[in-house]
Ligand code: PEP
Ligand code: MG
């Protein structure tokens, strides 16, 4: 690692106002400075001259970087730069005039860091023009010494800038590309140098790859610091960005966990003894077919140098095309698979914007390498660093980087276009590969590729996520054993168990076909049924809503069979931006949501801030115990500046005809409900708006127990089982260590749900559920049996829930609920899943 700037570049090594006769004299002058300062042996001057004969060291924008040949690096005694400033310029090559000659003495890998500093400087033409004529050597020293190497932790303890704040990473899956790119976007808005430090490792938050390389995991402490005129503003903005992403990150992780839980059913058991290869289960389902093995040969990219100017243009063009292509892919994926999956390609596009990748590639090109070779080498180098951190999240990002890298390669040289998925056999096959890129996977035709087995990768990789969405059974991380397989071999892939069974006999095949036919029939029934109402066999209809927050999510929710929105978490409108949305902005969103739903029922939850959802720009006081603090209704009642514009926006939308119901979160006492009702009614009268049903969330045991009193004054209840479980079992819903114990099917929670339904019934109120358990088919069945008449869930969960309810009679569901209430543990309740009503 190079020492910090000033050490690398002593001021004495800068010669101002030089007038060398020609290029050779300029190089000799610079070389002499390095020799005189003891940085290199005398022979290095000849080595520099020889380099000129084989490579162009003109970097561009008036900067040349003469340096010795690679084989002469032993002549370098220590790292250093000698700079000769030539205000009148010296001709370096035809049409190329150098004003700053930067002679480099650098050992092996330190070389690239020096080059990076220079190529960064190249992007600032104004500064370069000043450096060419300045009589202030310090200015040159500062410009060349200010950029610390970003690719790894400094050898000595990293320090912080003058202003700072500490933050504990609370993104459950650590700092991955999507949130990191939001950090970068914010940090880049400010001139202040900034640093994110975790122990001795530090990175510039304006640099995506450097940030990712910190490998930050949940629970780790970071100090984020800045200095300079806008340091305070930069820190405040970055803090707002960082904390505002927490809620979404947590919601995503909870969704992934609940999907994984649902997927954890036993796989197929072969009747006979079959040889098999095991990996990690990545996407459930059984595939029976012949293997198509994509050989493990690594692509060799020929090193074909072209003139630097042409190379830079080619790289630029390839990057632009790739960005356009990723945009199109994201749009297409959003339509086919949903916005979350499309986000994968948006994050990939962000990786492309990383200046380090581009700078490092340019440096290799300046050193005389071809564009494709330089790009590939850079991608591989960074991907290896990411994979080498030993963090599975980052290893998955390495796959993304290689994927995006290959796309760019295909634009630099069409002959290098991704080859993996060409030449698929005509009949449906099970694809065996070292790894598959997310874009290969998203582009798969599930009628031709019926299963995927990869040697590398993990179940959290984007490839695995996409395979699940596409419904293609997959195993990942199967290891080298996969490469000994011969194409055309008959096999059975069990994506549920993560096993690839080889050469099954007729009995195995028959058993697998029966198993798969049963599953396929179940899936087909679900799909067909998703448009039908969730009516039990004896005629009780359960309303099925979607939990969505933005109008553009409505179409997908309806397509999945949702009949309206059962929970619109409006805090996301506040969390995703750096300022409180105005009444007019909110009004526009509620209206748009209602229109996107075609006038169907829309239950809007008033702002639920506090607990795990912190909004930096609201400047709320720090609480020791935020889940037990001023959150939900408690905050709304203390902050009329937040509550009233929201209510006005909602009533205005209702006045326009929107089918809106308003719901208040975290109600603990009757007084809160009465106060909120009164404020709502006052606002309604002021606006001359129609009466809108006012409901409350039941999320606190106190509310469940007092349901009857509350029901007298609430038009409906919606049970927030996520919070109700946390408060009943006294388990922080965010605590990863206790995650397996947070079970909404715990009998204590179920009894509180029963108490809620009983209390509501006294006053003829309906009860819905919008917590996570409503989206699990078995949970939904139980809730319906307990008397809940509306269930709201993430859109993807709708078909499975509807199918389960339609397959049951209400009488059986009630009997199931009775049994569950009598159970002694959550496990006992879950064990009832076998006794399907
Ligand atoms: C709940 O607590 O179950 C709920 C739906 O609200 P949130 O998850 O937003 O706290
Ligand atoms: Mg809640």
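Restricting attention to the chain, close to 50% of DSSP beta bridges with both partner residues there are antiparallel.
Stretched out straight at 0.36 nm per residue, the stretch from residue 552 to residue 583 would grow longer than its current Cα-Cα span by 9.2 nm. Looking at the stretch 506-642, the DSSP beta bridges with both ends there are about 40 percent antiparallel.
As an exercise, use a Förster radius of 41 Å and the Cβ-Cβ distance of residue 77 and residue 295 to find the FRET efficiency, rounded to the nearest 0.05. Walk me through the numbers on the way to the answer.
Values: r = 47 Å, r/R0 = 1.15.
Step by step, r from the Cβ atoms, then E = 0.30.
Between the stretch 746-770 and the stretch 158-196, the C-alpha centres lie 44 angstrom from each other. Pairs of alpha-carbon atoms within less than 8 angstrom and 6+ residues apart define the contacts here; what relative contact order does the chain have, in percent? Computed value for the chain: 9 percent relative contact order.
On the beta carbon distance between residue 830 and residue 513, with R0 = 25 Å, the FRET formula returns roughly 0.25.
Simple spin-label estimate for residue 532 and residue 53 gives 8.5 nm between the two label positions (7 Å along the Cα-to-Cβ direction from each Cα). Taking the centroid of alpha carbons for each part, the stretch 646-725 and the stretch 786-813 are 25 Å apart. Extension gain, residue 88 to residue 678: 0.36 nm times the residue separation minus the Cα-Cα distance gives 204.5 nm. Just so you know, the averaged projected area of the alpha carbon convex hull for the chain sits at 38.4 nm².
Across the alpha-carbon set of the stretch 681-737, the Rg to Rh ratio works out to 1.17, Rh being the Kirkwood radius.
Go ahead and run the numbers for FRET between residue 490 and residue 32, Cβ-Cβ distance against an R0 of 56 Å, rounding to 0.05.
Efficiency, from the Cβ-Cβ distance: 0.15.
Between residue 427 and residue 525, the simple label model (points 7 Å from Cα in the Cβ direction) yields a spacing of 3.1 nm. By the count of neighbouring beta-carbon atoms within 10 Å, fewest first, 794, 168, 359 end up ordered 168, 359, 794. The angle between the Cα long axis of helix 583-596 and the longest principal axis of the Cα atoms of the chain comes to about 70 degrees, rounded to the nearest 10. Report, to the nearest 10°, how far helix 810-821 tilts away from the longest principal axis of the Cα atoms in the chain, using its own Cα long axis and a range of 0 to 90°. Roughly 70 degrees, rounded to the nearest 10. What's the angle, to the nearest 10 degrees (0 to 90), between helix 308-336's Cα axis and the longest principal axis of the chain? It works out to around 0 degrees.
From least to most packed, judged by other beta carbons within 10 angstrom and beginning with the fewest, 708, 249, 94, 528 follow the order 94, 528, 708, 249. In this label model, residue 819 and residue 269 are separated by 2.1 nm, measuring between points 7 Å along each Cα→Cβ vector.
None of the figures in this text is laboratory data; all of them are computed from the coordinates on show. Keep in mind that this is a model prediction, so the values were computed, not measured. So basically every Cβ, Gly included, is an ideal-geometry build from the backbone, and we count neighbours across all protein chains shown.
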